[in-house]
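Colleague: Submitted below is the structure of interest, expressed as structure tokens.
Derivation of every value follows stated rules applied to the coordinates shown; laboratory data play no part. These numbers were taken from a predicted model, which means no experiment stands behind them. Backbone-built Cβ (ideal geometry, glycine too); neighbour counts: all protein chains shown.
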Amino acid sequence: MWPFGPKSEEEKQEAPREQFREGTRALERGDTAEAIRILSAVVRDHPDYMAARLNLGHACYTSGEFVAAARQFEEAQKLDPKNPKILLNQAAAQSALDHLDEAIDLLIEALNLDAEFRDVHYNLAIAYWRKGRPAEAMAEFEMELALHPDHEPAKAAMTRLKAEVGGLGEEDAGWAEKPEGT
């Protein structure tokens, strides 16, 4: 094409992709302020660029900007509602905001999409634990480890939970009481 003529569609699409890659590289090297600056520009100019929203959410989360992260993950979910990775990240942001019920709902939704998606059972266990629901937390840790036996954080957390509650018997877990006289 003539160098002074209008850009082709391919050229128009390459610019945001290159900006996205630049923002992602900044995020990978830990320069979250630069990543936020670049990815915010991409999202402003291309609001339907789901991957840019997801990475901007990561950058915001890493910077401790949990409200902004939750907003980006929510927008990404609107663009790709069947993506369990987005739901997992959105749940992490809600959990960081101490919105545990919302986090639990998002994690259950992610499990409904992919019951074996790594880290979902683990994060659901943590949310249940923080809500004071140790039996459900233990069940989710066990499920995570059944699916991913090499998940060291899940092993460590399950050990801490067991120590905290002294093992989970029926009477400790909130299950139905034994009939009287037994």
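Colleague: Round to the nearest 0.05 the FRET efficiency obtained for E152 and R17 when R0 = 35 Å and r is the Cβ-Cβ distance.
Modeller: Given R0 = 35 Å and the Cβ-Cβ separation, E is 0.45.
Colleague: Moving on. According to the square roots a ≥ b ≥ c of the eigenvalues of the Cα gyration tensor, what is the shape class of region 12-91, taking rounded for a/c under 1.5, prolate for a/b larger than b/c otherwise, and oblate for the remainder?
Modeller: Oblate is the answer for region 12-91, as a/c is 1.5 or above yet b/c matches or exceeds a/b.
Colleague: If you don't mind, another one. Near D119, within a Cβ-to-Cβ distance under 14 Å, what is the net charge of the other residues, with Lys and Arg +1 and Asp and Glu -1?
Modeller: -3
Colleague: Additional query: Could you give the nm distance between label points at E164 and K131, where each point is 7 Å from its Cα heading toward the beta carbon?
Modeller: Output for this residue pair reads 1.4 nm.
Colleague: Now a separate question. Going by a ≥ b ≥ c, the root eigenvalues of the Cα gyration tensor, does region 98-167 fall in the rounded group (a/c under 1.5), the prolate group (a/b larger than b/c) or the oblate group?
Modeller: Oblate is the answer for region 98-167, as a/c is 1.5 or above yet b/c matches or exceeds a/b.
Colleague: Run the dipole for region 98-167 about the Cα centre, Lys and Arg Cβ at +1, Asp and Glu Cβ at -1, nothing else charged, and hand back the magnitude in debye, nearest 20.
Modeller: 380 debye
Colleague: Label region 58-140 by shape, choosing from rounded, prolate and oblate, from the square roots a ≥ b ≥ c of the eigenvalues of the Cα gyration tensor; if a/c is under 1.5 it is rounded, and otherwise prolate applies when a/b is larger than b/c, oblate when it is not.
Modeller: oblate
Colleague: If we count every other residue with Cβ under 12 angstrom of Q90's Cβ, Lys/Arg +1 and Asp/Glu -1, where does the sum land?
Modeller: -2
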